[in-house]
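Trainee: I have a structure I would like to understand better, so I am pasting it below and will then ask my questions one at a time.
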Amino acid sequence: MTEDANAVESLWEEVRELSFGTSVERLDSPPSPLDFLRRFVSANKPCIISNAVSHWPALSLWPDHNYLTRSLSDSLVSLHLTPDGRADSLVPLSSGSPCFASAHVERVPFPRALQFVLDSSSKSEEASTRDPSVAYLQQQNDCFREEYSNLSGDCDPHIAWATEALGCPPEAVNLWIGNHLSETSFHKDHYENLYAVVSGEKHFLLLPPTDVYRMYIRDYPAAHYSYDLEGGKFRLEMEEPARFVPWCSVNPYPSPETKKVEVSKFPMYFNGPKPFHCTVRAGDILYLPSMWFHHVRQSPDERGCTIAVNYWYDMQFDIKYAYFNFLQSIHHRPRSSRSRLEDLDEDADEDEDE
């Protein structure tokens, strides 16, 4: 056990004690721009804001799928298809070693795309065998202002108090429509993220940038799924020329069969402090600070969809960014610690933001 290991691992506890506490703070109403800047942006601290988008027509209009299909009847949108609902995640190759796999993306009319999402949500096991695809509308290229512009009057073009606090308009606005099978693996973004849920719920696991070692970021060969819409078959194709993607290795919800192996492979994650676990409900906004690691699951509304809009604001490449790069550059060998294997089942059901 080295002094460096003690210092780095003590940091994980100290940042919680000094800055974050044990749960994500929930505000009952939107903060003033100055309060938001001082308490959360400058502190790189997440929060959930209730009643933040209650004035949006989207909250009452978008759960009605007939409204969406009428509004977007002539719109071509980017439909993401995977075998299991996990796009941009690690997938084992035939050799057993993992690769970083991106979804198959198909441009289709919105009514057909929405039907794909609903059909994959309600599949029986037999139907899943015939057509194994899970659909997710999640193109992250400012898609709301490009592909879904007919819906622009149903929500704000930006989050006014955040725009004033951050001193710039959003770089991108994205729309997300998925079902209970859609899942996003652990990763971080170089954006200040204001994530508004319109229907259903989003379940986030969050870890601060100081916990970078616990993510076991490694370089994985890039691949993408190719899907035959008519035949219902996926192929995993390696990118050429070869490209490597640095990605988080940890699956925070291992299956009972793989749990023991996962804990032994990634002890710093499973033995360290618990991630912050929060649920973002319809009408809420999550402020997710830049460089925070996050894993996302979702629960649909009664019609089978979870719908959200997120606003990406440029982050400041300031001293916090320099600190993160320095921390990431330090070679770290973990000290031994007690396994938290027995806690994993409990962790999966906890919601610490209440």
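The values are calculated or read from the model by the stated rules, or taken from the named source; none is laboratory data. This is a predicted model, so every value here is computed, not measured. Here Cβ is always computed from backbone atoms with ideal geometry, including for glycine, and neighbour counts include all displayed protein chains. These area figures cover heavy atoms from the full protein model, side chains too; ligands, DNA and RNA do not enter into them. Shrake-Rupley method; radii C 1.70, N 1.55, O 1.52, S 1.80 Å.
Trainee: Which whole-Hz ³J(HN,Hα) couplings does the stretch 144-149 yield from phi under the Karplus relation 6.51 cos²θ - 1.76 cosθ + 1.60, θ = phi - 60°, glycine and proline marked x?
Mentor: 5, 7, 9, 7, 10, 4
Trainee: For labels at SER73 and THR22 in the simple 7 Å Cα→Cβ model, what's the distance in nm?
Mentor: In this crude label model, SER73 to THR22 measures out at 5.5 nm.
Trainee: Only one of the listed values, (1) 39; (2) 14; (3) 21, was derived from the coordinates as percent of Cα pairs over 36 Å apart; which label is it?
Mentor: Checked against the structure: label (3).
Trainee: Between SER50 and LEU93, take the C-beta separation as r, use R0 = 41 Å, and let me know the FRET efficiency to the nearest 0.05. All intermediate terms of the calculation are to be shown ahead of the outcome.
Mentor: Working: r = 44 Å, r/R0 = 1.08.
According to the calculation, E is roughly 0.40.
Trainee: Quick one: pull the percent of accessible area on the chain belonging to carbon and sulfur, 1.4 Å probe, ligands and nucleic acids left out.
Mentor: C and S atoms contribute 50 percent here.
Trainee: According to a simple spin-label model (label point 7 Å from Cα along Cα-to-Cβ), what is the distance in nm between ASP318 and SER10?
Mentor: That separation, rounded to one decimal, is 2.8 nm.
Trainee: Under a 5 Å amide H to amide H cut-off, with H placed in plane at 1.01 Å, what residues pair with ILE217 once short-range neighbours are removed?
Mentor: Close amide H contacts, sequence-distant or interchain: SER249.
Trainee: What is the packing order of peptides 80-90, 48-58, taking the mean over residues of other C-beta atoms within 10 Å and listing the highest first?
Mentor: 80-90, 48-58
Trainee: What does the accessible area per residue of the chain come to in Å², with a 1.4 Å probe and no ligands, DNA or RNA counted? Please list the in-between numbers first.
Mentor: Working: 16460 Å² over 354 residues.
On a per-residue basis, 46 Å².
Trainee: Amide H of TYR191: which non-local residues (sequence gap of 5 or more, or other chain) have their own amide H closer than 5 Å, using H built in the peptide plane?
Mentor: MET291
Trainee: Rounding to the nearest 20 debye, state how big the charge dipole of the stretch 233-299 is about its Cα centre with +1 on each Lys and Arg Cβ and -1 on each Asp and Glu Cβ.
Mentor: Result for the stretch 233-299 is approximately 220 debye, rounded to the nearest 20.
Trainee: Another question, then. Provide the per-residue ³J(HN,Hα) series for the stretch 159-166, in order, calculated from phi with Karplus coefficients 6.51, -1.76, 1.60 and θ = phi - 60°, each as a whole number of Hz, with x at glycine and proline positions.
Mentor: The phi angles translate into 8, 4, 5, 6, 4, 5, 5, 8 Hz.
Trainee: Could I ask something else about it? As a check on your grasp of the helix formula, calculate [θ] at 222 nm for the chain: sum -39500 (n - 2.57) over DSSP H runs of n ≥ 4, divide by the residue count, round to the nearest 500.
Mentor: Numbers: 12 runs with 86 residues, N = 354.
Computed ellipticity for the chain at 222 nm equals -6000 deg cm²/dmol.
Trainee: State, to one decimal in nm, how far the label point of ASN150 lies from the label point of GLU171, with both points 7 Å from Cα in the Cβ direction.
Mentor: 3.0
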